[in-house]
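Right, one structure below, let's go through it.
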Amino acid sequence: MAGLDKYVVDASVVLRWLLPDEKDLGSSEFFGRAKSGKIQILVPEILLYEVLNGIKSALISRRLNKQQADGAVKTFMALEIGWQDQKNDSARVMAIALKYNLSIYDAAYVALAKKLKVKLLSLDKKLKKI
């Protein structure tokens, strides 16, 4: 995968793509490029739980029905993602969380992007500025 553009994406970007009432052309195009192997998505393991929680919340609030929620999970799990273990990066994650006043979850994305020297894609205005 050398030479590919690489990105760290957070749950807000993934959920924008997965949830029917949030879809936009930009996210569909981006994830289409990832599916076809034109770019590489790298993420901390926390993404799995954040996305599943977002889908569960959309189901409970009736933004999705059960069939749509199951489809969103299946689509997400089929995505080629470079899952990154951050067990050895806990000090870096904590330092970033404290420095920028972020949740540990958000700091995990920032830490990974900084470590890999790749762009972090997020809909969170605060994370976009870091």
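The values are calculated or read from the model by the stated rules, or taken from the named source; none is laboratory data. Everything numeric in this text was worked out from a predicted model, so none of it was measured. Here the Cβ positions follow ideal geometry from the backbone for every residue, glycine too, while neighbour counts run over all protein chains shown.
Looking across segment 13-37, just one residue is of a type in the set (Ser, Thr, Tyr), assigned to a helix (DSSP H, G or I) and surrounded by fewer than 18 Cβ atoms within 10 Å (Cβ to Cβ), and that is Ser28.
When segment 90-130 is limited to residues that are in a helix (DSSP H, G or I), under 17 Å from the mean Cα position of the chain (by Cα) and among the hydroxyl-bearing types (Ser, Thr, Tyr), the one that is nearest to Asp5 (Cα to Cα) turns out to be Tyr109.
If I ask for residues that are of a type outside the set (Gly, Ala, Ser) and either modelled with pLDDT under 95 or assigned to a loop (DSSP other than H, G, I, E, B) (or both), which ones from segment 78-87 would you list?
Just the residues of segment 78-87 that are of a type outside the set (Gly, Ala, Ser), to begin with: 79-81, 83-87.
Of everything in segment 78-87, those that are of a type outside the set (Gly, Ala, Ser) and either modelled with pLDDT under 95 or assigned to a loop (DSSP other than H, G, I, E, B) (or both) turn out to be Leu79, Glu80, Ile81, Asp85, Gln86, Lys87.
All of Gln40, Gln67 fail the test of being farther than 23 Å from Ser103 by Cβ and part of a helix (DSSP H, G or I), apart from Gln67. Going through (1) closer than 18 Å to Ala113 by Cα; (2) more than 14 Å from the chain's Cα centre (by Cα); (3) free of Cβ contacts under 8 Å to residues at least 40 places away in the same chain one by one, Gln86 falls short only on (3).
Yes or no: segment 77-90 includes at least one residue that is among the small types (Gly, Ala, Ser) and surrounded by 12 or more Cβ atoms within 10 Å (Cβ to Cβ). Among the residues of segment 77-90, at least one is among the small types (Gly, Ala, Ser) and surrounded by 12 or more Cβ atoms within 10 Å (Cβ to Cβ), which makes the answer yes. Restrict the check to segment 46-57 and report whether at least one residue is free of Cβ contacts under 8 Å to residues at least 60 places away in the same chain, farther than 18 Å from Leu123 by Cα, over 12 Å from the mean Cα position of the chain (by Cα) and surrounded by 18 or more Cβ atoms within 10 Å (Cβ to Cβ). There is no residue in segment 46-57 that is free of Cβ contacts under 8 Å to residues at least 60 places away in the same chain, farther than 18 Å from Leu123 by Cα, over 12 Å from the mean Cα position of the chain (by Cα) and surrounded by 18 or more Cβ atoms within 10 Å (Cβ to Cβ). Taking every residue in segment 92-108 that is more than 15 Å from Val8 (Cβ to Cβ) and free of Cβ contacts under 8 Å to residues at least 60 places away in the same chain and pairing it with any residue that is basic (Lys, Arg) and in a helix (DSSP H, G or I), at least 6 positions away or on another chain, the pairs with Cβ-Cβ distances below 8 Å are Tyr100/Lys126. Of the numbered criteria (1) surrounded by 16 or more Cβ atoms within 10 Å (Cβ to Cβ); (2) farther than 29 Å from Pro20 by Cβ, the one Lys117 fails is (1). Checking the structure you have, find out if any residue of segment 71-82 is β-branched (Val, Ile, Thr), within 14 Å of Val9 (Cα to Cα) and within 15 Å of the chain's Cα centre (by Cα). Yes, the conditions are met somewhere in segment 71-82.
Within segment 32-46, the residues that satisfy the criterion of being of a type in the set (A, V, I, L, M, F, W, C) and farther than 14 Å from Leu4 by Cα are Val43, Ile46.
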